[in-house]
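Since the structure comes first, as structure tokens, the remarks are kept for the end.
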Amino acid sequence: MTDPEELPGAAGAPVPRILGNTGALAASDPEATGALWRLAEPGRQLDANLIRVPPRGSIDAHAEPDLDVLLLVVSGDGTLGSAAGPHPVEPGSLVWLPHGSVRSVTAGPDGLSYVTVHRRRPGMQIRSGPRARQP
């Protein structure tokens, strides 16, 4: 195994880090729902979340107009709804959700936990109003 100190790279360059264990996070509090974890490292180009849907719970149909999303089921099972019909999902299911696609999620009897990853959205910007034309 290579010693990390021996790996080539520029001084001060970012280094890979282990951020956690999705199985442990999903199992940590069985009653918790919603976003259990979010990627928050400064300077990142991605957003990622670990989401838990409670048993028989659902996320209503919606579309992400601008970003493709990758979804990885880490525990539980359920159904991904789409225009092509329902698709069963289970641990290990890896799903591409193209931007503009309508989808919903319904958890099975034990709930459903999954990770989503997508390009980071640009921060909100305040812009000035339209400029008046000069005569």
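The values are calculated or read from the model by the stated rules, or taken from the named source; none is laboratory data. All values reported here derive from a predicted model rather than from experimental measurement. Heavy atoms of the whole protein, side chains included, go into the accessibility calculation; ligands, DNA and RNA do not. Shrake-Rupley method; radii C 1.70, N 1.55, O 1.52, S 1.80 Å.
Things worth noting here:
- Rh by Kirkwood over Cα pairs, then Stokes-Einstein D for region 1-112 at 1.567 mPa s and 4 °C, µm²/s: 80 µm²/s
- Where region 1-112 is the region considered: accessible area per residue in Å², 1.4 Å probe: 67 Å²
- Under Stokes-Einstein, with the Kirkwood radius over Cα pairs as Rh, the value for region 42-88 at 10 °C and 1.306 mPa s is 121 µm²/s.
- Size-normalised alpha-carbon gyration radius of region 58-128, reference 2.2 N^0.38 Å: 1.25
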